[in-house]
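Everything below concerns the one structure shown next.
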Amino acid sequence: MAGAEDLKLLGMWASPFVLRAKLALSLKGLNYEYVEEDLKNKSELLLKSNPVHNKVPVLIHNGKPVCESTVIVQYIDEAFAGTGLSLLPSDPYERALARFWAAYIDDKLLPSWTKTSRGSTEEERAEGKEQSAVAVENLEGALRECSKGKPFFGGDNPGYVDVILGGLLGWVRASEELYGINPFDPAKTPLLAAWAERFGALEAVDPVIPEVNKLVEVAKMMQAKLAAEAAGASN
Amino acid sequence: MAAKEELKLLGVDVSPFAIRAHMAVVIKGVSCEYVVEDLSNKSELLLSSNPVYKKVPVLIHNGKPICESLVIVQYVDEIFSGDGVPSILPTDPYERAIARFWAAYVDDKFFPVLRGIVLALTEQERVEKATETLAAIEPLEEAFAMCSKGKAFFSGDSIGYVDLALGSLLVWIEAIRRMYNIEIISASKTPRLSAWAERFGESAAAKEVLPEVDKAVQFGKMLEAAASAAAASK
């Protein structure tokens with residue numbers, strides 16, 4: 001571990017965005033203090049460190065806060081450039097591709113999944129399903145393009161896009177139990193399906209991903225709560 | 001610039017995203033062929049260079065396409081660097097993180113509500129979006145003080161990443177003022193940004209790239225019409 005570096009991560013165990021930060025720290029072999037936040041009773045430290053959004057994750061390095069998961073992951077890579085794996089590629093064009101796909105995951109993939117599971121009308125959910133199918137197809141192509149036949153988006157070793165997509169793995173696994181859907185269907189997106197297995201099995205990754213049954217429990221509680229609210233609202 | 005560098009930028013004058021990419025190239029002082037796209041009749045080159053989004057801007061460097069405005073800006077910053085070449089992002093990792101944070105804020109929080117003012121279907125919705133936009137600009141007014149540390153731009157002495165992210169929207173902010181009499185940036189409510197906006201507009205790169213506000217007003221009217229038509233046909 002880098003000497004006298006003070007690294008603290010404010011997070012919530014089920015958050016895919018927090019998981020991204022954990023994955024980056026783990027892949028680079030960095031030690032840090034993890035603080036679990038109660039999002040219904042946010043700490044002074046969280047509110048002070050992220051006054052604009054009041055959200056997790058927040059990485060606090062030597063007392064200075066960094067917010068937004070993609071910003072945090074790039075920061076970890078740059079501030080600890082000599083340590084462990086390099087997450088962003090060294091070639092500027094490949095870096096541009098990595099940033100493009102990371103943005104795609106947040107701008108297109110995630111919203112389409114949210115629409116599929118939480119769309120308020122059946123029409124919206126169906127739209128979400130269509131958009132999700134397009135999004136994963138595009139990502140399958142991205143994996144082919146970026147990996148060039150190697151195991152990860154980053155090539156021989158996991159990199160930026162692996163981490164950004166990897167943050168979603170807990171929920172990807174939970175999705176099968178919750179909705180009977182595997183977002184990375186081996187029949188439709190074989191490369192992504194294989195990637196999910198391979199990335200998830202990494203020594204630096206496996207212990208960090210939240211347990212699927214706990215995620216399923218949380219999701220079921222949320223669903224029940226939303227259903228109760230909807231029922232109450234219609235009375 | 002290296003002898004065989006070929007740079008082509010596909011864009012549209014009024015697109016804030018194209019403006020960012022175009023200004024980045026101008027700031028770097030590199031020559032670039034600027035191709036104006038007709039969005040109602042997109043070129044083969046655009047469609048094949050950006051198959052995922054089919055949108056502008058696209059930078060094509062020695063035949064290889066780069067898409068998404070902030071990705072393009074970072075790419076241009078990294079490819080064209082060195083002695084005497086202005087930097088768009090800072091070198092310090094923490095300052096880079098702050099710059100990326102605020103650029104993301106502009107795109108995720110500010111731009112959607114700003115655009116909502118133009119796309120609003122009712123007066124009530126427009127007022128709502130305007131209120132949200134006025135709220136969304138406040139953290140940027142504070143951020144300017146923190147980032148600029150008394151200097152002219154978010155980045156310091158010269159235009160940088162956050163300046164481009166927000167500055168590219170100034171034409172639309174002014175267009176909105178003319179169209180709806182809604183002032184997002186004003187000397188009374190956002191004095192720092194107001195002064196910064198003037199400096200931004202006076203810069204050589206802005207003068208070369210920014211379109212006339214009336215062009216944005218015209219485009220805005222088209223967007224309004226398209227939005228009502230889409231709503232009416234539902």
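In the range B:7-19 there is no residue that is open to solvent by 50 Å² or more (accessible area, probe 1.4 Å), on the phi > 0 side of the Ramachandran plot and outside the structural domain of B:E208 (by TED's automatic domain parsing).
Looking across the range A:64-83, the residues that are more than 7 Å from chain B (Cβ to nearest Cβ) and among the small types (G, A, S) come down to A:S69, A:A81, A:G82.
For the range B:156-224, the helices (runs of 4 or more DSSP H) that sit wholly inside it and include 2 or more residues that are of a type in the set (D, E) and in the same structural domain as B:L140 (by TED's automatic domain parsing) are B:191-202.
One line per residue, one yes/no per condition, for (1) on the phi > 0 side of the Ramachandran plot; (2) more than 13 Å from chain B (Cβ to nearest Cβ); (3) in contact (Cβ under 8 Å) with a residue 12 or more places away in the chain; (4) open to solvent by 50 Å² or more (accessible area, probe 1.4 Å):
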| residue | (1), (2), (3), (4) |
| --- | --- |
| A:L85 | no, yes, yes, no |
| A:A96 | no, no, no, no |
| A:F100 | no, no, no, no |
| A:Y104 | no, no, yes, no |
| A:K108 | no, no, yes, yes |
| A:E124 | no, yes, no, yes |
| A:E127 | no, yes, yes, yes |
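The residue that is farthest from the other protein chains (Cβ to nearest Cβ), among those in the range B:37-76 that are acidic (D, E) and crowded, with 19+ Cβ neighbours inside 10 Å, is B:E37.
Within the range B:13-24, residues that are charged (D, E, K, R) sit with their Cβ atoms under 6 Å from residues that are surrounded by 23 or more Cβ atoms within 10 Å (Cβ to Cβ), at 6+ positions apart or across chains, in these pairs: B:R20/B:S69; B:R20/B:V73; B:R20/B:L164; B:R20/B:S168. Each residue in the range B:84-113 was checked for being in a helix (DSSP H, G or I) and either among the hydrophobic types (A, V, I, L, M, F, W, C) or touching a Gly at 6+ places or on another chain (Cβ under 9 Å) (or both), and 11 of them qualify.
The values are calculated or read from the model by the stated rules, or taken from the named source; none is laboratory data. Note that this is a predicted model, so its numbers are computed, not measured. Neighbour counts run over all protein chains shown; Cβ positions are idealised from the backbone, glycine included. In case anyone asks, the SASA skips ligands and DNA or RNA and just uses the protein heavy atoms, side chains included. Shrake-Rupley method; radii C 1.70, N 1.55, O 1.52, S 1.80 Å.
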